[in-house]
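Structure, as structure tokens:
Every number in this text was worked out from the coordinates using simple rules, so none of it is lab data. Because the structure is predicted, anything quoted here is derived from the model rather than measured. Note that each Cβ is placed from the backbone with ideal geometry, even for glycine, and that neighbours are counted across all protein chains shown.
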Amino acid sequence: MNDSQSLLPPNRKVATALAPLQLSGEHHLCPGCGHPVAWRLLLEAISELHLENKAIGVVGHGCYTNIVQLADIDFLQCLHGRAPAVATGVKRVHPDAAVFTLQGDGDVASEGLAEILHTAARGERITAIMLNNGVFGDTGGQMTAASVVGQRTKTSLDGREPEAHGYPVPVADLIASLPGAAYVARGAVHNAGSIAKTKRYVKKAFEIAAQGDGFTFVEVLTMCPTGWFLPTADGPDYLEGTFEKTFPLGVLKGG
Amino acid sequence: MAARLLQGSDAVAQAAIAAGCRFFSGYPMLPFTDLLESMARRMAAAGGVCMNAETEIEAVNMTLGAAAAGARSATGSCGQGIALMQEAIAEAALNEVPFVVFNMARGQQDYFQATRGGGWGDYRTICLAPKDVVEAVEHTQLLFHLADQYRSPVMMYGDYLISHTYMSVEVDPIDFGPLPPKDWALDGSRGGTGRSRQIWTWAMGKANDPGPGPDLHWQRIAEKFDGVARLEQRWESKWCDDAETVIVSFGTAAPFVEQVVGELRDDGVRVGTFRPISLWPFPEKPLAEACASASRVLVFEVNAGQMIDDVRLAVAGRAPVTPLGRVSIDFSGMRQGEILTVPWIRDRVRQVIREVTV
């Protein structure tokens, strides 16, 4: 079927255009999920910087893991939380490769906080990307170390309460405090402006890592209406009204 | 190269580098620490990388990454540190990333840990237990070869005696024959060509080139380990042909047992000795054959009884199997346990031969 035969209405055609390096549009993600937008930004950044034949992705465990199948890039899928340590080994063997990690907040803030902080402190010349939706989406909506105060999950039924559950971990802020980190930014994908800014952050991070200046980190706030137990269309507003208050957007360090 | 007097850890480090190891990562823990220190001294001159990792979990995952990128890589630890590494050892077995784990154990109490593992899924780990530093140098190089041959993590079971004893050894590269090319290793070069690579325990493949998926992938790995179990058994036996009593021991305990057995034979006692060199795969049939004429089988190990399970499986009820050793920890600096002496073993063997009448 070519474009002229498309059954999709004209205003949906943009959704049929694959991102560069994307092998297929088939995925298992829920309606309203922010991850595919983040995938697209990542693949566009790699393509525009002409890094496709030197990029190696090191990926954690979560809904985003399927990028391993969908993108035409060398990928190594890792144990939960361990991607930064694995990426360290890859980068030390291939110093000229554009080594990046892709993890969620469960992978980074919960299971793998030691790995991300130590890798940042060593100043490994990699780009670490954390997709933060504040919930274990893949396992059906439990609290992570990045769930925000008041957030309802299957393990914080009345909302995250500091007395019972403590406070969310601001990973990007922790990393920004480390001398080994050259660039730290926090973006989002809930509206056109935030998407454009986040893409600039991701490109900048790859550029600074390639210059050898140190560890680079981009946190991307993404919508998870399924895991937030909200109507699909309410995802962007909830992100802006709650997550953005806890995790303010912008460049935290460098660039 | 002429023989040189080397500390065991330094000999193993030099053997690893001679075998082409160019990435090493570890976290200090005695008696593994000396190997990490030797690697830190020697690796840069060899053009490689040695990382003092922040945790054992990071050490083994760095090694997994370096190995996935195509470098001959190794890590190591002991006891509790190996326990932390089991998650990644199992993962590497199931996503087929080869590297060597130098388990410089505190004595013989980690036989179960080394041969059964504590990771997830259907996997096995080739494990060689050298009896001395000379054999450790050979095993080190053989293990890198076996890892690449079978695309799987492999382990050396060493201890304080391997790590700290000085022996006169030659560390020359050993040629174990050709290996398949590492065309699976990741270097990023094929991105955007439609032929990019992937390492994933689930083996789902790419959208344009689907993989077998976990069911077939893990079944194929299980069949691979069936082959390893048949082909890679290593052992040594002595005086078993006419033996009424066969004594089984492994690693650095075996030379002590061999000394005792030699003395007993001088006294006219019909006793033989058997040493599994590969703890996995356990040389089951060779042990059964060595015990064919024996009316009793004794197992000396410095622990509460671990390898004895494998011995019983091999002997399969044809003769009584009796433990000789026990838990034994000392603080002499070698931590091998006070029972690891020729007089103690000799007295114990004589006592058991008297008690276990057949």
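Points worth noting:
- What you get for the range B:219-358, charging only the Cβ of Lys and Arg (+1) and of Asp and Glu (-1), is a dipole of about 200 debye around the Cα centre.
- Reachable aspartates and glutamates, given that their alpha-carbon falls under 15 Å from the alpha-carbon of B:Lys182 and they are not under 8 places away in the same chain: A:Asp74, B:Glu96, B:Asp148
- Helix B:56-68 vs. chain B, principal-axis angle (Cα, 0 to 90°, nearest 10): 60 degrees
- Calculated diffusion of chain B, Stokes-Einstein form, Kirkwood radius summed over Cα pairs, 10 °C and 1.306 mPa s, µm²/s: 75 µm²/s
- Angle in degrees between helix B:254-266 and the longest Cα principal axis of chain B, rounded to the nearest 10: 30 degrees
- Dipole axis of the range A:177-255 (+1 Lys, Arg; -1 Asp, Glu on Cβ), positive-most option in A:Phe243, A:Trp228, A:Gly193: A:Gly193
- Bridgeable lysines around B:Lys238 (alpha carbons under 28 Å apart, same-chain partners fewer than 8 residues away excluded): B:Lys131, B:Lys285.
- Candidates B:Ser278, B:Ser249, B:Ser196: whichever shows maximal mean-square fluctuation once chain B is modelled as a Gaussian network with Cα springs under 10 Å: B:Ser196
- Residue among B:Val137, B:Val257, B:Val49 with the largest mean-square fluctuation in a Gaussian network model of chain B, springs linking Cα atoms under 10 Å: B:Val49
- Seen from A:Val99, the other residues with C-beta closer than 12 Å to its C-beta sum to a net charge of 0, counting Lys and Arg as +1 and Asp and Glu as -1.
- Histogrammed with a bin width of 10 Å, the alpha carbon distances of the range B:4-169 distribute as 12, 47, 36, 5, 0 percent, first bin at zero.
- Ordering B:Cys240, B:Ser293, B:Thr322 by the projection of their Cα atoms onto the charge dipole of the range B:235-355, which places +1 on the Cβ of Lys and Arg and -1 on the Cβ of Asp and Glu, puts B:Thr322 at the extreme positive end.
- Net charge, A:His118 excluded, C-beta distance under 12 Å - Lys, Arg +1, Asp, Glu -1: -2
- From the alpha carbon centroid of the range B:244-275 to that of the range A:231-252 is 72 Å.
- Charging the Cβ of each Asp and Glu at -1 and of each Lys and Arg at +1, and nothing else, the dipole of the range A:141-255 about its Cα centre rounds to 360 debye.
- Legend: helices of chain A (whole DSSP H runs) are marked when their alpha-carbon atoms reach 18 angstrom or more along the helix axis and their mean Kyte-Doolittle hydropathy is at least -0.5; marked are A:35-48, A:192-211.
- Pairwise centroid distance, computed over Cα atoms, of the range A:171-228 with the range B:152-227, Å: 33 Å
- Neighbourhood net charge (10 Å Cβ-Cβ; Lys/Arg +1, Asp/Glu -1) for B:Arg275: +1
- Placing unit charges on the Cβ atoms of the charged side chains and taking the dipole of the protein assembly as shown about its Cα centre, the candidate lying farthest along the positive direction among A:Leu178, B:Ala129, A:Cys33 is A:Cys33.
- Here the protein assembly as shown is treated with +1 on each Lys and Arg Cβ and -1 on each Asp and Glu Cβ, and its dipole about the Cα centre works out to around 640 debye.
- Folded to 0 to 90 degrees: helix B:342-355 orientation relative to chain B principal axis, Cα: 60 degrees
- Share of Cα-Cα pairs in chain A lying beyond 35 Å, as whole percent: 11 percent
- Radius ratio Rg over Rh of the protein assembly as shown, counting only Cα atoms, Kirkwood formula for Rh: 1.06
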